[in-house]
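Worksheet: the structure to be examined is printed underneath.
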Amino acid sequence: MATRSPCLSDRASVGSDVPTIFVLLGPPGAGKGTQAEIISKQLGLAHISSGELFRENIKNQTELGVLAKQFMDRGDLVPDDVTIAMVRARLAQPDCARGALLDGFPRTPAQAEALGKTLEEIGTAVKTVPLIQLDEAVLVERLSGRWVCRTSGHVYHEQFNPPKQAGICDVDGSELYQRDDDKRETVERRIRVYHEQTAPLVEYYRNKGVLVSINGDQPIDAVTRDLLAALGVGSS
Ligand code: ADP
Ligand code: AMP
């Protein structure tokens, strides 16, 4: 039989250590993507951003991308069924064998339940849920200055985390752009949607005993330090 790399589902079947799953929770602009990029590398975990997966589908003009774009452009959430299927498929990829840092998923109680069931099937559960908290005025400032790399979604801020050369990604040299949904009206809608549909997950995970609050209104390295401590990893 042909060999292949282990994936999340193989782990349980071979009875070895179960994957470690962290969920980064917080409103749009809180710094989830920025922190997930840094921390996933340090911990050797996959970084799964549902928003980035949708943006890749849009770029590749897939059926899912065409569907998702209508919701994203309005600042609404993409329906649960397609979002859950997309993330489940991503979690089954070989690079998730050790675990994953989820950024932007789950965003509704139905997604959280589905994630819990998926993980239960392989004998694991969400380990820790850092909630990155920030005042709304700061979120708007963060999103209006956000620039993202066309190739791989690396994130910058024109003032707080500028690239070395304006408009060019430090990591891969690709063009930086401002997201359509970072326009002020759409940002306001996205923050409202967060309060209505995603904020209930704070109680959901608090009741499970895995929620930890993090002050997101600090420099990037201070937030990283607090997150690593919350995940029980302490910075080196
Ligand atoms: P999210 O993934 O939660 O939507 P991002 O990680 O994309 O948020 O961050 C939003 C914007 O804020 C980006 O432009 C990013 O460079 C900037 N940013 C992230 N963390 C900080 C921080 N601690 N201080 C200042 N700016 C930050
Ligand atoms: P983000 O990159 O996390 O800011 O997400 C950008 C957009 O993608 C959101 O405003 C939603 O339209 C969509 N999206 C990302 N993640 C999810 C999710 N878990 N559930 C539904 N829609 C999502």
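The values are calculated or read from the model by the stated rules, or taken from the named source; none is laboratory data. Please read all numbers here as calculations on a predicted model, not as lab measurements. Note that each Cβ is placed from the backbone with ideal geometry, even for glycine, and that neighbours are counted across all protein chains shown. Remember, those area values only see protein heavy atoms, side chains included, never the ligands or the DNA or RNA. Shrake-Rupley method; radii C 1.70, N 1.55, O 1.52, S 1.80 Å.
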- prompt: What dipole magnitude, in Debye to the nearest 20, does the chain give about its Cα centre under +1 on Lys/Arg Cβ and -1 on Asp/Glu Cβ?
  reply: 300 debye
- request: Run the numbers on the chain and let me know its relative contact order in percent, using alpha-carbon pairs under 8 Å that are six or more apart.
  value: 27 percent
query: What FRET efficiency comes out for the pair ARG88/GLN218, r = Cβ-Cβ distance, R0 = 45 Å, nearest 0.05?
result: 0.85
- line: Here the equivalent ellipsoid of the chain, derived from its Cα gyration tensor, has semi-axes (largest first, whole Å) of 27, 20, 19
- request: For every other residue with a beta carbon closer than 15 angstrom to the beta carbon of GLN165, add +1 if it is Lys or Arg and -1 if Asp or Glu, then tell me the sum.
  value: -2
field: Residues with amide H under 5 Å from that of ILE168, placed H, sequence gap 5 or more
entry: LEU176
Cα-derived Rg to Rh of segment 40-116, Kirkwood definition: 0.97
- prompt: Which of the trypsin sites (Lys or Arg not before Pro) found in segment 145-236 are loop residues per DSSP with 10 or fewer other Cβ atoms within 10 Å of their Cβ?
  reply: LYS164
message: For a quick check: with amide H placed at 1.01 Å from N, whose amide H comes under 5 Å from GLY26's, ignoring anything fewer than 5 positions away on the same chain?
response: ILE132
task: Would you kindly find the accessible area of GLU56, with a 1.4 Å probe and non-protein molecules such as ligands, DNA and RNA excluded, rounding to the nearest 10 Å²?
output: 80 Å²
- request: Obtain the nm distance between the two label points defined at GLU113 and ALA229 by a simple spin-label model: each point lies 7 Å from its Cα along the Cα-to-C-beta direction.
  value: 3.7 nm
query: So if R0 is 41 Å, what FRET efficiency would VAL210 and ARG150 give, r being the distance between their Cβ atoms, rounded to the nearest 0.05?
result: 0.70
query: When the Karplus curve 6.51 cos²θ - 1.76 cosθ + 1.60 is applied with θ = phi - 60°, which whole-Hz ³J(HN,Hα) does each residue of segment 109-115 get, with x for Gly and Pro?
result: x, 5, 5, 5, 4, 5, 5
- request: Within the set of other residues whose C-beta is less than 11 Å from the C-beta of ARG146, count the net charge using Lys and Arg as +1 and Asp and Glu as -1.
  value: -2
query: In the chain, what % of DSSP beta bridges are antiparallel (nearest 5)?
result: 30 percent
message: When 1/r is averaged over all different Cα pairs and the result inverted, which Kirkwood radius in Å belongs to segment 124-181?
response: 12.9 Å
statement: Any GluC sites (Glu not before Pro) in segment 75-167 that lie in a DSSP loop and have at most 13 other Cβ atoms within 10 Å would be none
- prompt: What percentage of the solvent-accessible surface of the chain, computed with a 1.4 Å probe over protein heavy atoms, is contributed by carbon and sulfur atoms?
  reply: 51 percent
